2 protein chains.
Amino acid sequence: MPRTGLNAGELKERAVAVASERMAVMGCDKFRVTDVAGALGVSHAALYAHFSGKAALIDAVVDDWLDHSRVPLAEIVAGEGPAQERLRLWALTRLRLKREAARKEPHLFAAFDLLSHRLREVVLHHIAHQRLEITTLLAEAYPALPDPEHAAKVVQAALVGYSHPKLVAEYLCLPDEEVEGNLLAVLDAVLKGLTAELPQG
Amino acid sequence: MPRTGLNAGELKERAVAVASERMAVMGCDKFRVTDVAGALGVSHAALYAHFSGKAALIDAVVDDWLDHSRVPLAEIVAGEGPAQERLRLWALTRLRLKREAARKEPHLFAAFDLLSHRLREVVLHHIAHQRLEITTLLAEAYPALPDPEHAAKVVQAALVGYSHPKLVAEYLCLPDEEVEGNLLAVLDAVLKGLTAELPQG
DNA sequence: CAGATTACAATTTACAAAACTTGTAACCTG
DNA sequence: CAGGTTACAAGTTTTGTAAATTGTAATCTG
């Protein structure tokens with residue numbers, strides 16, 4: 001029987017939750033593995049059975065955070081209505097969620113930015129997941145598209161100014177309407193270009 | 001007769017040149033106004049007649065650096081051949097110049113990045129200048145385009161992942177062919193979309 | 001009197017020493 | 001023996017203090 005009364009999975013989740021709270025308050029450089037352990041009533045060394053190091057604990061926090069942020073976007077993908085409209089809504093919603101996160105949860109957003117900068121696997125999976133969602137919407141909107149995944153990559157690259165945490169943060173000072181209008185102008189041009197030579201149908 | 005034997009314009013230029021050399025070696029945080037002044041044989045206070053502060057001296061260095069970087073791109077705009085091909089070459093050349101600068105002049109590139117982050121006027125002018133060049137090439141390639149400047153803004157936004165210093169630096173670890181291929185895929189899609197409904201001519 | 005210097009206050013940086021944190025291995029405990 | 005703790009070395013951060021830097025105003029000088 002573990003001393004904390006929690007099984008391994010539960011202890012891990014509690015650790016991620018406590019770390020997430022602390023990171024939200026003070027950022028990922030300043031929170032201490034020792035403090036998280038203290039909050040759980042164990043020594044800091046006990047956490048290394050569950051996380052390979054502080055970096056892995058940070059990865060887990062950001063992964064958890066990204067999981068939550070994916071929910072509203074998945075609802076749009078699974079929703080009803082013309083797929084092209086849903087794709088526009090998807091891109092706008094993603095932008096809005098990121099801008100809000102950057103404003104309201106700056107430390108967690110900065111952790112996401114840092115992992116993005118380091119091309120950490122957590123973030124690479126997140127990007128791949130988003131590409132899959134774009135692919136799904138493109139394939140539905142344009143059934144004659146020969147390679148929807150390649151098209152999704154082009155869309156992702158064209159919209160990186162509206163998704164990459166560094167640029168989302170940098171452009172927070174610009175008005176919402178302006179940034180959102182620019183995103184839609186780019187998205188519409190790219191979609192029109194990608195589908196210019198498709199048979200009508 | 002000034003003590004240094006230089007008139008005001010010459011002293012200013014010499015200060016920018018010395019600051020540029022020092023910044024190239026140690027970055028903009030570590031070089032000292034006092035050192036630049038010493039190299040010119042004046043007290044540091046004498047430089048404040050020409051620059052409102054250290055930040056203004058850094059702006060002047062980056063402005064000078066950007067001036068030089070604009071020359072090869074201006075040659076493409078002024079060159080001969082199909083305008084659409086020149087636009088592709090312009091975008092590729094810009095990317096290549098930036099990746100090379102990031103590798104070979106990391107401190108000056110970092111200064112450019114910092115000013116970009118702060119939305120400093122030097123950089124805003126640079127971005128506006130590039131939009132003008134894109135506008136020129138678009139108007140030549142597509143004479144029926146109703147608003148080439150608006151189209152240029154869309155092109156700029158779609159290609160921000162290949163021009164913004166933060167992302168250029170972040171993607172340096174990716175192979176050249178991949179990054180360049182991605183840029184061309186985005187550019188081609190955007191151009192095709194922007195020109196989809198133009199009369200043929 | 002234009003172009004400089006000197007003096008100075010406020011701020012920032014450099015640096016050494018102390019304190020803290022991270023990750024690991026040996027050991028403990030129920 | 002699973003799930004812990006303790007001890008420890010190496011590395012990092014913090015703290016206090018001295019030195020340096022920045023920007024300004026008064027003053028100087030040719």
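So is B:PRO146 modelled with pLDDT under 95 and surrounded by fewer than 17 Cβ atoms within 10 Å (Cβ to Cβ) or not?
Here the answer is yes, as B:PRO146 does meet what is asked.
In region A:27-56, what residues are more than 11 Å from DNA strand C (Cβ to nearest atom) and either within 14 Å of chain B (Cβ to nearest Cβ) or of a type in the set (A, V, I, L, M, F, W, C) (or both)?
Across region A:27-56, the qualifying residues are A:ALA39, A:LEU40, A:VAL42.
Checked against the criteria, B:ALA128 does not count as free of Cβ contacts under 8 Å to residues at least 24 places away in the same chain, within 14 Å of DNA strand D (Cβ to nearest atom) and of a type outside the set (Ser, Thr, Tyr).
Quick one: is B:LEU73 touching a residue at least 12 places away in the same chain (Cβ under 8 Å), closer than 21 Å to B:THR195 by Cβ and surrounded by 15 or more Cβ atoms within 10 Å (Cβ to Cβ)?
Here the answer is no, as B:LEU73 does not meet what is asked.
Identification of helices (runs of 4 or more DSSP H) wholly contained in region B:133-201 with 2 or more residues that are of a type in the set (D, E, K, R) and over 25 Å from A:VAL168 (Cα atoms) yields B:176-194.
Do we have B:ALA8 as in contact with a His (Cβ under 6 Å, 6 or more places away or on another chain), over 22 Å from B:ARG120 (Cα atoms) and within 12 Å of DNA strand C (Cβ to nearest atom) here? No. Just so you know, in region B:1-26 the residues that are assigned to a loop (DSSP other than H, G, I, E, B) and within 13 Å of DNA strand D (Cβ to nearest atom) include one that is modelled with the lowest pLDDT, and it is B:MET1. Scanning region B:24-47 for residues that are touching a residue at least 40 places away in the same chain (Cβ under 8 Å) and in contact with a helix residue (DSSP H, G or I) (Cβ under 6 Å, 6 or more places away or on another chain), we see that the one that is surrounded by the fewest Cβ atoms within 10 Å (Cβ to Cβ) is B:GLY27.
Please state which one of A:LEU95, A:LEU73 is touching a Leu at 6+ places or on another chain (Cβ under 7 Å) and part of a helix (DSSP H, G or I).
Result of the check over A:LEU95, A:LEU73: A:LEU95.
Here is the figure for region A:151-201: residues that are touching a residue at least 60 places away in the same chain (Cβ under 8 Å), within 18 Å of B:LEU187 (Cβ to Cβ) and among the small types (Gly, Ala, Ser) total 0. Residues being facing chain A (nearest Cβ under 8 Å) and at pLDDT 95 or above: count how many of those fall in region B:167-177. Selection size over region B:167-177: 1. Among the residues of region B:133-144, is there at least one that is out of contact with any helix residue (DSSP H, G or I) (no Cβ under 9 Å at 6 or more places or on another chain), acidic (Asp, Glu) and in the same structural domain as B:LEU66 (by TED's automatic domain parsing)? Scanning region B:133-144, I find no residue that is out of contact with any helix residue (DSSP H, G or I) (no Cβ under 9 Å at 6 or more places or on another chain), acidic (Asp, Glu) and in the same structural domain as B:LEU66 (by TED's automatic domain parsing), so the answer is no.
Scan region A:139-166 for residues that are at the interface with another protein chain (Cβ under 9 Å from one of its Cβ atoms) and of a type in the set (A, V, I, L, M, F, W, C) and jot them down. Within region A:139-166, A:ALA151, A:VAL154, A:VAL155, A:ALA157, A:ALA158, A:LEU159, A:VAL160 qualify.
Here B:LEU95 clears all of (1) within 12 Å of DNA strand C (Cβ to nearest atom); (2) within 14 Å of chain A (Cβ to nearest Cβ); (3) among the hydrophobic types (A, V, I, L, M, F, W, C) except the condition numbered (1).
The values are calculated or read from the model by the stated rules, or taken from the named source; none is laboratory data. Remember, it's a predicted structure, so these values are computed and weren't measured experimentally. In this analysis, Cβ positions are derived from the backbone assuming ideal geometry, glycine residues included, and neighbour counts consider all displayed protein chains.
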